[in-house]
Amino acid sequence: MLTKSNPVCRVSVIIPTLNAGPDLNELLKRLKQQSLPPCELIVIDSSSNDGTAELAREAGALVIPVKRSEFDHGGTRNHAAMLAKGDILMFMTQDAMPRDEKLIEELVKPLLMTEKNVYAYARQLAKPEANVLERLAREHNYPAESKLKSYEDIDRLGIKTFFCSNVCSAIRREVFEAMGRFQEPVIFNEDLFMAAKCVLSGYSIAYSAEAAVYHSHDYSAVEQFKRYFDNGISMRCNTWITPYSAVGKAGSNLVKLQLKQLHKERQWLLVPKLAVESAAKLLGYKLGMNYRLLPSFLTRKLSMHRLILTHIENQASGVAMKQ
């Protein structure tokens, strides 16, 4: 068992991919150059047609092919995890890039300190080309100070207690299995739901600011709407977590921070963009929470993950979702 006195561990890195492009080569290269190198790199590829699978194999990764139509944020990761050898399962996305060679070492460090710390996630730094709103969002959600979150923090943090990101995370394998693995099918928030189960079971979630990756997006207002629509769907499908939800408050705090910083930097022309994006997020989330009232064709049109939504609807009409 992994403890501070017995720190020898094997880390399996799992990366779901879809047309990852040439950046995947750099990602795999940096992972192999880590001060604590992974025992294996697993790429689970959704039928890419740009040579992603071939590139990953050439880099020494184990490539697991899956049909694009069968991809699911929880189930696909679970499939790779079942084939992994490591004591610690490290999940990354194809568009995250390690800042330095200490990423894995710093990410798993909290997990080796005590058996209570079971799930850790890394700091996300905005890419150099990211716009100011995206940069501020990353700084707000991924500050410079590390922290631990446990059951005692729920009254103060609400659902933010469970915030965790599989953009770059690590979890003790035995706990991952004990918690029933990731929920599947799931359209969004497989990481948050796993973190919630861990916290509600008495474990702690670690945010390691010293473990950092470059990761950011430049979503349009339409893409933000779709993303938050799917977020709302995931919450509606998991009513067990709604008592802890405080999405509106968390969102308003971020908007206030962004407005303050835009004023400080005299970037007033970005205020309309912020207003439109914030409205898109709120409307998307509210509609997603009520997706069952919408016609099926409209729900698919509004979703960013139409195929996963189909899996969820099929599951709802038959066997209950795996929690």
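The values are calculated or read from the model by the stated rules, or taken from the named source; none is laboratory data. Computed from a predicted model, the values in this text were never measured in an experiment. All Cβ positions, glycine included, derive from the backbone under ideal geometry; neighbour counts span all protein chains shown.
Exactly one condition in (1) among the hydrophobic types (A, V, I, L, M, F, W, C); (2) without any contact (Cβ under 8 Å) to a residue 40 or more places away in the chain; (3) farther than 25 Å from Cys237 by Cβ is false for Ile104; which is it?
Just one mismatch for Ile104, condition (2).
Give the residue, chosen from Ala279, Ala221, Ala211, Ala275, that is buried (at least 21 other Cβ atoms within 10 Å of the Cβ) and of a type outside the set (Lys, Arg). Please lay out each step first, then the result.
Working: Ala279 fails: buried (at least 21 other Cβ atoms within 10 Å of the Cβ); Ala221 fails: buried (at least 21 other Cβ atoms within 10 Å of the Cβ); Ala275 fails: buried (at least 21 other Cβ atoms within 10 Å of the Cβ).
It is Ala211.
Looking only at the range 82-125, which residues are over 17 Å from Leu27 (Cβ atoms) and in a loop (DSSP other than H, G, I, E, B)?
Correct list: Ala84, Lys85, Gly86, Asp87, Thr114, Glu115, Lys116.
Mind listing just one residue for me: the one in the range 49-66 that is out of contact with any Ser or Thr (no Cβ under 6 Å at 6 or more places or on another chain) and part of a loop (DSSP other than H, G, I, E, B) and, of those, surrounded by the most Cβ atoms within 10 Å (Cβ to Cβ)? Write out each step before concluding.
Going through the range 49-66, the residues out of contact with any Ser or Thr (no Cβ under 6 Å at 6 or more places or on another chain) turn out to be 49-51, 53-65.
Among the residues that remain, those that are also part of a loop (DSSP other than H, G, I, E, B) are: 49-51, 59-61.
Values: Asn49: 9, Asp50: 14, Gly51: 14, Ala59: 18, Gly60: 10, Ala61: 24.
Only one residue tops the list, namely Ala61.
Please give the number of the condition Ser165 fails out of (1) free of Cβ contacts under 8 Å to residues at least 24 places away in the same chain; (2) of a type in the set (Ser, Thr, Tyr); (3) under 23 Å from Lys85 (Cα atoms).
Single failed check for Ser165: (1).
Within the range 287-307, identify whether any single residue is modelled with pLDDT under 85 and in contact with a helix residue (DSSP H, G or I) (Cβ under 9 Å, 6 or more places away or on another chain), and answer yes or no.
Pass one, the range 287-307, residues modelled with pLDDT under 85: 306-307.
If we keep only those that are in contact with a helix residue (DSSP H, G or I) (Cβ under 9 Å, 6 or more places away or on another chain) as well, we get 306-307.
Yes, there is a match, as at least one residue in the range 287-307 is modelled with pLDDT under 85 and in contact with a helix residue (DSSP H, G or I) (Cβ under 9 Å, 6 or more places away or on another chain).
Of the residues Tyr219, Tyr203, Tyr214, Tyr207, only one is hydroxyl-bearing (Ser, Thr, Tyr) and over 30 Å from Leu36 (Cβ atoms); which? Talk me through it step by step, then tell me what you get.
Values: Tyr203 fails: over 30 Å from Leu36 (Cβ atoms); Tyr214 fails: over 30 Å from Leu36 (Cβ atoms); Tyr207 fails: over 30 Å from Leu36 (Cβ atoms).
The match here is Tyr219.
Could you check the range 203-291 for helices (runs of 4 or more DSSP H) lying wholly inside it with 3 or more residues that are under 21 Å from Pro185 (Cα atoms) and either of a type outside the set (Ser, Thr, Tyr) or over 17 Å from the mean Cα position of the chain (by Cα) (or both)? Quick ask: steps written out before the conclusion?
Working: elements: 221-236, 247-264, 271-289.
Per the criteria, 221-236, 271-289.
Mind checking which residues of the range 152-192 are farther than 12 Å from Ala120 by Cα and among the acidic types (Asp, Glu)?
Selection gives Glu152, Asp153, Asp155, Glu174, Glu177, Glu184, Glu190.
Checking Ala61 against (1) modelled with pLDDT of 95 or more; (2) under 21 Å from Pro110 (Cα atoms); (3) not basic (Lys, Arg), which test does it fail?
Failing condition for Ala61: (2).
Taking the condition farther than 18 Å from Leu18 by Cα, among the aliphatic types (A, V, I, L, M), out of contact with any Phe, Trp or Tyr (no Cβ under 6 Å at 6 or more places or on another chain) and buried (at least 21 other Cβ atoms within 10 Å of the Cβ), does Ala84 pass?
Numbers: farther than 18 Å from Leu18 by Cα: yes; among the aliphatic types (A, V, I, L, M): yes; out of contact with any Phe, Trp or Tyr (no Cβ under 6 Å at 6 or more places or on another chain): yes; buried (at least 21 other Cβ atoms within 10 Å of the Cβ): yes.
So Ala84 fits the description; yes.
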